[in-house]
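Since the structure comes first, as structure tokens, the remarks are kept for the end.
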Amino acid sequence: MQLSNLKAGHKTGRGFSLVELVIVIVIIGIIAAIAIPRVSRGSKGAGESSLSSNLAVLRNAVEMYATEHGGTFPGVNADTLGGAANSTAAMISQLTLYSKSDGSCKTTRDAANGFVFGPYLRKGIPPLPVGANKGKTTVKLDVTASPPPASVGTGEGWVYNQTTGDIIANATDADDSGAKTYDQY
């Protein structure tokens with residue numbers, strides 16, 4: 001080893017000192033402390049945005065059906081495929097299949113026989129994106145309640161009143177702000 005090449009105060013090895021490593025770890029910790037809460041809030045906000053979007057799609061489908069069927073909301077009349085009048089099955093058929101003005105349904109468009117309306121929901125009932133019933137696509141009829149419909153506990157994703165056309169999320173969990181619950185969206 002040539003001593004003439006060594007200068008006072010310079011390291012001979014390549015690497016990081018303990019102080020440098022501690023500084024890097026502290027900086028990474030600070031960044032993580034800032035970023036993790038933002039990411040978790042973002043995912044919760046995404047669920048609320050998805051809920052608002054799904055409700056808008058469902059409400060628009062119900063309103064469009066009523067507009068094209070003389071003010072009658074889906075589910076009021078039988079669908080002629082097994083869904084009785086005032087049933088969830090009729091409501092879903094009437095939103096997802098082709099229908100006539102009387103509410104009867106068919107899986108294919110048949111203009112010659114009057115099946116010219118719909119479908120209003122191409123992918124079916126969307127899953128509830130938030131709350132205890134998250135992922136549920138089922139609908140519970142709430143015909144006895146005065147508007148708006150009320151949440152009915154676990155089991156169903158959505159609550160629908162075919163008399164008024166109102167549809168809500170079946171979730172009483174508080175939203176991100178804590179100011180209201182998901183069934184109040």
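General remarks:
- When each of the peptides 21-31, 78-88 is scored by the mean number of other C-beta atoms lying within 10 Å of its residues, the order from highest to lowest reads 78-88, 21-31.
- Kirkwood-type radius of the chain, with distances r between different C-alpha atoms, in Å: 20.0 Å
- In a reduced charge model with +1 at each Lys and Arg Cβ and -1 at each Asp and Glu Cβ, region 25-118 shows a dipole moment near 420 debye about its Cα centre.
- Sum of -39500 (n - 2.57) over DSSP H runs of 4+, divided by residues of the chain (222 nm, nearest 500): -11500 deg cm²/dmol
- Cross-link check: pairs Lys100/Lys140; Lys100/Lys136; Lys136/Lys180 evaluated at a Cα-Cα cut-off of 27 Å; pairs beyond the cut-off: Lys100/Lys136.
- Summing +1 for each Lys or Arg and -1 for each Asp or Glu among the other residues whose beta-carbon sits under 11 angstrom from that of Lys106 gives 0.
- Note on region 18-184: dipole from Cβ charges, positive end direction compared against Val139, Val26, Ala78; the farthest Cα belongs to Val26.
- Neighbour counts of C-beta atoms inside 10 Å place Phe16, Phe117 in the sequence Phe16, Phe117, starting with the fewest.
- Peptides 170-177, 104-111 ordered by packing proxy, namely the average of other Cβ atoms within 10 Å per residue, highest first: 170-177, 104-111.
- Net charge of the neighbourhood of Trp158, taken over other residues with C-beta under 13 Å away and scored Lys/Arg +1, Asp/Glu -1, is 0.
- Listed residue (Met91, Tyr185, Leu51) projecting farthest to the positive dipole end of the chain, Cβ model: Leu51
- Model label points for Leu81 and Asp173, set 7 angstrom from Cα along the Cα-to-Cβ axis, are 3.1 nm apart.
- Each Lys and Arg adds +1 at its Cβ and each Asp and Glu adds -1 at its Cβ; summed about the Cα centre, the chain shows a dipole of about 1060 debye.
- The value of relative contact order for the chain, using C-alpha pairs under 8 Å at least six residues apart, is 15 percent.
- Summed residue charge, Cβ within 11 Å of Pro74's Cβ, Lys/Arg positive, Asp/Glu negative: -3
Read-outs throughout are calculated quantities, based only on the coordinates presented, and are distinct from any laboratory measurement. Nothing here was measured: the structure is a model prediction, and the numbers come from that model. Here the Cβ is made from the backbone with ideal geometry for all residues, glycine too, and neighbour counts use every protein chain on show.
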